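Written below as structure tokens is the structure these notes are about.
The values are calculated or read from the model by the stated rules, or taken from the named source; none is laboratory data. These numbers were taken from a predicted model, which means no experiment stands behind them. Counting neighbours? That spans all protein chains shown, and the Cβs are built from the backbone with ideal geometry, glycine included. Just so you know, the surface numbers come from the protein's heavy atoms only, side chains and all, with ligands and any DNA or RNA stripped out. Shrake-Rupley method; radii C 1.70, N 1.55, O 1.52, S 1.80 Å.
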Amino acid sequence: MIKSPSKALHAWALVAPLYALLAAIVALPEIVALALSFTDYSIGRDPRWIGELNYVRTLGSASFWAAALRTLIFVGIAVVLEAAIGLLLACLLIRRIPMRGLAIACLIAPIAMSHAVTATIWAYLLDFNVGPVNYVTNLMGLGRIPWLTEAGTALIVVALIEFWAGMPHVLVMLYPVRAAFPREIYEAGEIDGATPFQRFRYLTWPMIRPAFLIAVVFRIIITFRAFGVVWILTKGGPVDASEILSVHLYKIGFVYWEFGRAASIAWLMLLLTAVVSSWAMVRLYRESFAPKAAA
Amino acid sequence: MNDQAERATKWQLATVAFFVLLAIFPIIVVAVSSFKLPRDIFSYKPIVFFEPTFGNYTDLFRNWPKFTEGLVNSLAVTIGSIALVLAASLPAAWAFSRMPQHGGVGKSAMSLFAMKMLPPLVITVPLFPIFSAIGLDDSKIGLILVYAAMEFSLAVLLLKTMIDGIPRELEEAALIDGCTGIQAFRRVTFPLLLPGIVTVAIFTTLFVWNDYLFALVLTTARSVTAPVVLADMLASIGEGRSTWGEVFAAATVQLLPVLIFTFIVQRKMMSNGAAGGLKG
């Protein structure tokens, strides 16, 4: 095909509305945010240029680093569990299981839920007075535990809820991949007398690894930005025990209305995500847009 | 292939059963409790058998007109977003699939993925003052613009992959028969794309109907959506402005349409492995 300027114009005209909207809603605001991050802008006040002061203050603040550490723990607990259980279930579900369709539908049900509903459900289940979980722990002789209002447990509990809500996503990404493996390779494995673990280690794992890595990276990116459930359940508390970076950013921006400082945290978070996500994005782009992948 | 799959062992069945229960039991508890009388909800011992009542639902719609408004807003914003997502992604996906080499359009798609990587909170911080300045705060149009922008990359990826699978010759034949480019797309490509369009609508619905963050930041009164009202109601329990019963009823009403929807379309979701990654 001959490349012609009119064809190029035609192609760009077709993608123009999409890019125009993305520029207005995403790109432009990000540039505004970058500019704001060098000012002391706050609601009802004219922004004043203060140079890199916001970044100096953010990077020097103990609460920022504490929030970053909590985010690391939160993402660590949630993603490790999601990935391990998601992979396990993807491998188990391809076996002959009664009512498999229904089992899968139930397993991925949490995907259909808003953060508000997830938070409602767990707020009730874990409630100190009326929650069924405390009824059970009480029966077991452990007494009632203030899961979400106790500094020692709040962060771990919200991370476990994040796991509950996020695991189906891993399953949705891995199950179709696992289901597509040809059965013949496993038959060969059986003849050679391989144990189930060996079959997983030498047959399943090498084939599912690329999809597994992508799933893990996606979950890291998504969990890193988790906000709704934590905000609704604990508001980052008690005190700041479950204040992960997203909650920290929200508080500074929309509770204290310090937009300049919030913008600096936003950009730091953006740079941090960029490191992990650019790898995944380049890979996804190659898979779906590279000429050879089109076949 | 499934017919000759290995039978699961007892332990494997037990493992699957455990996680099925873990996933579905909490949802059932809340949905079932929405039909309980207050005395049954507050009972120290969880009650399994009870006299069902619709009292919580009548209370909900009588005491929380805001929730009804929220549902209407959610519905309007969801429909608007689906329309805008499709209107902008269909032509773009076609261009990405059919003419990527012209003017570097194909390469520019990389930017779509880059934008998808921005954490939503990072976008809301600058959007809030901008929307306030141009009067798009607390408006359904503003929400629709944001939701559509967030969903573009997934929509384009899905549709582009599907168009790749439709032979170019079909469109060319229609052109030779005298169709214009748009007619060829509408009569030949569009019908073949319908499953992809439905998938895009599903993912957009799941995202928009359930979103909490953008609605929380960008709306205050007129355009508040159901999830934000629900979170408000949950917070009001402690102050005595709402009851657990009303909150259960609201959660059930907000959840049920999408849950049924997911049950129906789960096969479709399970067959979109790669694209599933961009959800969420």
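Which one of these does A:Val276 not meet: (1) closer than 30 Å to A:Leu160 by Cβ; (2) not in a helix (DSSP H, G or I)?
Going through the list (1) closer than 30 Å to A:Leu160 by Cβ; (2) not in a helix (DSSP H, G or I), A:Val276 breaks only (2).
Residues that are over 25 Å from B:Ile123 (Cβ atoms), at least 2 per element: which helices (runs of 4 or more DSSP H) completely within region A:196-257 meet that? First the steps, then the outcome.
Numbers: elements: A:196-199, A:205-224, A:228-234, A:245-250.
The helices (runs of 4 or more DSSP H) meeting that bar are A:196-199, A:205-224.
Per-residue answers, yes or no, for (1) closer than 30 Å to B:Ala235 by Cα; (2) among the polar types (S, T, N, Q):
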site: A:Pro196; (1), (2): no, no
site: A:Pro210; (1), (2): no, no
site: A:Trp231; (1), (2): yes, no
site: A:Ser246; (1), (2): yes, yes
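Checking the structure you have, find out if any residue of region A:8-22 is assigned to a helix (DSSP H, G or I), more than 8 Å from chain B (Cβ to nearest Cβ) and modelled with pLDDT of 90 or more.
Taking every residue of region A:8-22 in turn, at least one turns out to be assigned to a helix (DSSP H, G or I), more than 8 Å from chain B (Cβ to nearest Cβ) and modelled with pLDDT of 90 or more.
Kindly indicate whether any position in region A:212-222 is within 22 Å of B:Val228 (Cα to Cα) and of a type in the set (Gly, Ala, Ser).
no
So which residues in region A:133-156 are touching a Leu at 6+ places or on another chain (Cβ under 6 Å) and either free of Cβ contacts under 8 Å to residues at least 12 places away in the same chain or aliphatic (A, V, I, L, M) (or both), if there are any at all?
A:Val133, A:Leu148, A:Ala154
Could you check region B:24-39 and list, in sequence order, the residues that are farther than 19 Å from A:His115 by Cβ and out of contact with any Ser or Thr (no Cβ under 8 Å at 6 or more places or on another chain)?
Those that are farther than 19 Å from A:His115 by Cβ and out of contact with any Ser or Thr (no Cβ under 8 Å at 6 or more places or on another chain): B:Phe25, B:Ile28, B:Val32, B:Ser33, B:Arg39.
Given the conditions (1) facing another protein chain (nearest Cβ under 8 Å); (2) among the hydroxyl-bearing types (Ser, Thr, Tyr); (3) within 19 Å of A:Leu171 (Cβ to Cβ), and given that A:Ser114 satisfies all but one, which numbered condition is not satisfied?
Failing condition for A:Ser114: (3).
Would you please name the residue that is farthest from A:Val158 (Cα to Cα), looking only at residues in region A:201-236 that are more than 10 Å from chain B (Cβ to nearest Cβ) and open to solvent by less than 10 Å² (accessible area, probe 1.4 Å)? Explain how you work it out, then say what you get.
Of all residues in region A:201-236, those more than 10 Å from chain B (Cβ to nearest Cβ) come to A:201-210, A:212-213, A:216, A:220, A:230, A:234, A:236.
If we keep only those that are open to solvent by less than 10 Å² (accessible area, probe 1.4 Å) too, we end up with A:204, A:208, A:230, A:236.
Numbers: A:Thr204: 32, A:Ile208: 29, A:Val230: 6, A:Gly236: 10 Å.
Selected residue: A:Thr204.
Of all the residues that make up region A:117-128, how many are at the interface with chain B (Cβ under 8 Å from one of its Cβ atoms), open to solvent by 30 Å² or more (accessible area, probe 1.4 Å) and without any contact (Cβ under 8 Å) to a residue 60 or more places away in the chain?
0
Check A:Pro182 against each of (1) facing chain B (nearest Cβ under 9 Å); (2) part of a helix (DSSP H, G or I) and name the one condition it does not meet.
(2)
Mind checking whether some residue in region B:54-70 is closer than 30 Å to A:Trp267 by Cβ, crowded, with 19+ Cβ neighbours inside 10 Å, modelled with pLDDT under 90 and not charged (D, E, K, R)?
No: region B:54-70 contains no residue that is closer than 30 Å to A:Trp267 by Cβ, crowded, with 19+ Cβ neighbours inside 10 Å, modelled with pLDDT under 90 and not charged (D, E, K, R).
For region B:237-279, enumerate the residues that are surrounded by fewer than 19 Cβ atoms within 10 Å (Cβ to Cβ), of a type outside the set (A, V, I, L, M) and either under 16 Å from the mean Cα position of the chain (by Cα) or at pLDDT 90 or above (or both).
Selection gives B:Pro257, B:Phe261, B:Phe263, B:Lys268.
From A:Ala78, A:Ala90, A:Ala84, A:Ala27, grab the single residue that is within 12 Å of chain B (Cβ to nearest Cβ) and open to solvent by less than 30 Å² (accessible area, probe 1.4 Å). Walk me through it before giving the result.
On the way: A:Ala78 fails: within 12 Å of chain B (Cβ to nearest Cβ); A:Ala84 fails: open to solvent by less than 30 Å² (accessible area, probe 1.4 Å); A:Ala27 fails: open to solvent by less than 30 Å² (accessible area, probe 1.4 Å).
Only one candidate passes the filter, namely A:Ala90.
If I filter region A:145-179 down to residues being among the charged types (D, E, K, R) and away from chain B (no Cβ under 11 Å), which single residue comes out as surrounded by the fewest Cβ atoms within 10 Å (Cβ to Cβ)?
Filtering first and then ranking leaves A:Glu150.
Among A:Arg45, A:Arg100, A:Arg96, which is the only one that is facing chain B (nearest Cβ under 7 Å), among the basic types (Lys, Arg) and without any contact (Cβ under 8 Å) to a residue 12 or more places away in the chain? Explain how you work it out, then say what you get.
Details: A:Arg45 fails: facing chain B (nearest Cβ under 7 Å); A:Arg100 fails: facing chain B (nearest Cβ under 7 Å).
Every option except A:Arg96 fails the conditions.
Going by what's in this entry, would A:Ala105 be described as open to solvent by less than 10 Å² (accessible area, probe 1.4 Å) and farther than 22 Å from A:Phe181 by Cα?
Considered against the rule, which asks whether it is open to solvent by less than 10 Å² (accessible area, probe 1.4 Å) and farther than 22 Å from A:Phe181 by Cα, A:Ala105 comes out as no.
So which residues in region B:67-98 are in contact (Cβ under 8 Å) with a residue 60 or more places away in the chain, within 13 Å of the chain's Cα centre (by Cα) and within 28 Å of A:Ala11 (Cα to Cα), if there are any at all?
B:Gly80, B:Ser81, B:Ile82, B:Val85
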